[in-house]
Amino acid sequence: MSATAQSTSDRVAKIEPILRAHAAQAEIERRLAPQAMAALHDAGIMRTWVPKAYGGLQMNPVPALKMFEEISRIDSAAGWIASNSSIIAFFCQVISDQGAAEMFSDPQTVVAGGWFPPGKAVPVRDGYRLTGQWAFGSGCHYANWLTGHVLVNDGDKPRLDANGNPVSLITFFRASEAEIVDNWNTLGMRGTGSHDVRLNNVFVPATRCFVLSALDRPSSAFSGPLYRFGLWIVPLTIATVCLGIARARALIEAGQHYVYGAAAGAWEYVQSGRRIEMAQGIPLALAGSFAVEASSNAVDLVHASAGTTAIRNEYRFQQYFRDVHTASQHGFASISRFESIGKLMLGRQSDWAFYYL
C-alpha cells in the first residue's frame with residue numbers, strides 16, 4: 001500500500017467510531033453532530049483540497065475520492081460534507097490571492113453554500129453589495145465562509161455582456177454576515193444540514209468575487225496539477241458519496257472502475273501542465289453520472305430484496321435508500337446530465353453551462 005493510501009486509511013479508521021456513534025444524532029437534528037465535525041477537522045479531512053501553501057493536504061484526486069467514498073460508507077452526511085466543502089475549497093482558485101489567503105489562513109476554515117437560485121449584486125466602490133437566498137448550504141452551521149451565485153445589476157436591470165447574456169459572479173462571504181434559514185426538511189441526507197443561507201445588502205470586496213468565465217487563471221496557491229481539473233472533478237466527487245452509501249458488488253464495482261479509471265487518466269493528463277478541457281472532461285462527467293445511477297440501482301435492488309425490513313427505521317436499509325436517491329439529484333451528476341453530455345458528444349450546444357468554464 002502506498003504512503004498516501006495508508007495515510008487516508010489511517011485517517012478514516014481514526015474517525016470511524018466517532019462517526020458511527022453520532023450518525024443517528026445527525027439524522028434527528030438535521031445537521032452533523034459537533035463531535036463528528038471535530039473528528040473530520042482533527043483528521044485533516046476538511047483540508048483535503050486546500051493548497052499546501054495554506055497548510056492544506058492538496059491530496060491527489062484518486063486517494064481523495066476513495067477517502068470520500070470510505071467516509072460515506074460509514075456516515076453519508078459526514079462523507080457529503082467532507083467532499084462538498086473540499087469541492088468549494090478547490091473552486092476558491094478563481095478568486096484573488098488576497099481573497100484566498102484571507103479565507104484559508106484559519107486552519108479550521110469550512111466553506112459551504114450553493115449557487116441556486118442566483119441572487120443580486122449591486123456594484124459599489126471596491127466590490128458589491130449582495131442580496132440573495134441560496135439553497136443547499138451543506139454544513140452551513142459549521143462554516144465560517146459561504147459561497148453564492150449572483151447576477152450583477154445596474155439599477156433595476158441586469159448587466160449584460162457583449163453577447164447579451166447576464167453578467168454573473170461567484171462570491172465568497174463571511175458566514176457571520178449571513179442568516180441560516182432552517183428549511184432542510186428532506187427525504188434523505190438529513191444529517192448534512194443543507195439549509196438555505198440568506199444575505200441582505202452585505203458588502204463583499206471584489207477580491208472575493210469571480211466574474212463567471214473560463215477557469216484558466218487560478219490564483220498562485222492553486223497552481224498545481226490538481227486544480228487543473230476545473231469543475232469536471234465535481235461529478236466524480238458526488239459519485240463517490242453515492243458509491244459509499246450503496247456498497248452492492250457488481251453495480252458498484254462497475255461504477256468504481258469507471259470513476260477511478262477516469263480520474264486516474266485525467267490526473268496523468270494534467271501532469272503535463274494542461275488543464276482539463278471539454279474532450280477530457282466528457283469522460284469524467286459520464287463516469288460521475290453513471291456511478292450515481294449505478295448506486296441508485298444497487299440500493300433499489302437491495303431495498304426490494306429486503307422486503308418489509310427495508311421500511312423500518314430501526315434498520316439502515318431505509319436510510320441507504322433515502323440518502324442515495326437524495327444525493328442522486330445533485331445537478332452536476334444527476335441522470336439529466338446524460339442528455340447534457342450527449343449533446344456535447346454530438347457537437348451540439350449543451351444545456352449545462354458549467355461544461356464551458
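What to note about this one:
- Of GLU27, GLU339, GLU16, the one that fluctuates the most in a GNM where the chain has Cα springs shorter than 10 Å: GLU339
- Percent breakdown of C-alpha pair distances by 10 Å bin, ordered from the shortest bin, for region 1-149: 11, 39, 33, 13, 3, 0
- Percentage relative contact order, region 230-286, counting C-alpha pairs under 8 Å, at least six apart: 51
- Pairwise FRET efficiency - TRP352 versus SER272, Cβ, R0 = 30 Å, nearest 0.05: 0.65
- Relative contact order [Cα under 8 Å, 6+ residues apart], region 170-263, whole percent: 23
- Nearest 10 degrees, 0 to 90: helix 3-29 Cα axis against the chain principal axis: 90
- Computed on the chain, with alpha-carbon pairs under 8 angstrom and 6+ residues apart, the relative contact order is 17 percent.
- Label-to-label distance, nm, for residues given as ARG198 and ASP216 (7 Å Cα→Cβ offset): 4.1
- Region 1-78, Rg to Rh (Cα coordinates; Rh as Kirkwood inverse mean 1/r): 0.99
- Isotropic mean projected area of the C-alpha convex hull, region 266-315 (nm²): 5.2
- Neighbourhood net charge (14 Å Cβ-Cβ; Lys/Arg +1, Asp/Glu -1) for TRP232: +2
- Mean-position separation - Cα centroids, region 224-299 and region 313-355, in angstrom: 13
- Accessible area of the chain belonging to carbon and sulfur atoms, whole % at 1.4 Å probe: 54
- Rg/Rh (Cα only; Kirkwood hydrodynamic radius) as it applies to region 104-159: 1.06
- Cβ-placed point charges (K, R +1; D, E -1), dipole of region 118-197 about Cα centre in debye, nearest 20: 80
- Diffusion coefficient of region 40-127 by Stokes-Einstein, Kirkwood radius over Cα pairs, 37 °C, 0.692 mPa s: 232 µm²/s.
- Within the chain, helix-based [θ] at 222 nm, where runs of 4 or more DSSP H residues each add -39,500 (n - 2.57), nearest 500: -14500 deg cm²/dmol
- Neighbour-limited loop hits for chymotrypsin sites (Phe, Trp or Tyr not before Pro), region 217-323 (at most 15 other Cβ within 10 Å; DSSP other than H, G, I, E, B): TYR315
- Counting only protein chain heavy atoms and rolling a 1.4 Å probe, the accessible areas of LYS120, LYS52, LYS343 rank, largest first, as LYS52, LYS120, LYS343.
- For the chain, a crude dipole built from +1 on the beta carbon of Lys and Arg and -1 on the beta carbon of Asp and Glu, taken about the Cα centre, is about 180 debye to the nearest 20.
- Selection from LEU160, GLN271, HIS303, by position along the positive dipole direction of the chain (Cβ): GLN271
- Volume of the Cα convex hull of the chain, divided per residue and given in Å³: 136
- Accessible area per residue in Å² at 1.4 Å probe, computed on the chain: 42
- Given charges at beta-carbon only (K, R positive; D, E negative), |dipole| of region 1-158 in Debye: 100
- Tilt relative to the chain, helix 317-327 - C-alpha long axis, 0 to 90 degrees, to 10: 20
- Helix 76-91 vs. the chain, principal-axis angle (Cα, 0 to 90°, nearest 10): 30
- Reducing region 144-188 and region 31-91 to their Cα centroids gives an inter-centroid distance of 24 Å.
- Amide H contacts of CYS209 (H built 1.01 Å from N, under 5 Å, at least 5 apart or other chain): SER96
The values are calculated or read from the model by the stated rules, or taken from the named source; none is laboratory data. Just so we're clear, the structure is a prediction, and the values are computed from it rather than from any experiment. All Cβ positions, even for glycine, are placed from backbone atoms using ideal geometry, and neighbour counts span all protein chains on display. For the accessible areas, the whole protein counts, side chains as well, though only heavy atoms, and no ligand, DNA or RNA atoms are used. Shrake-Rupley method; radii C 1.70, N 1.55, O 1.52, S 1.80 Å.
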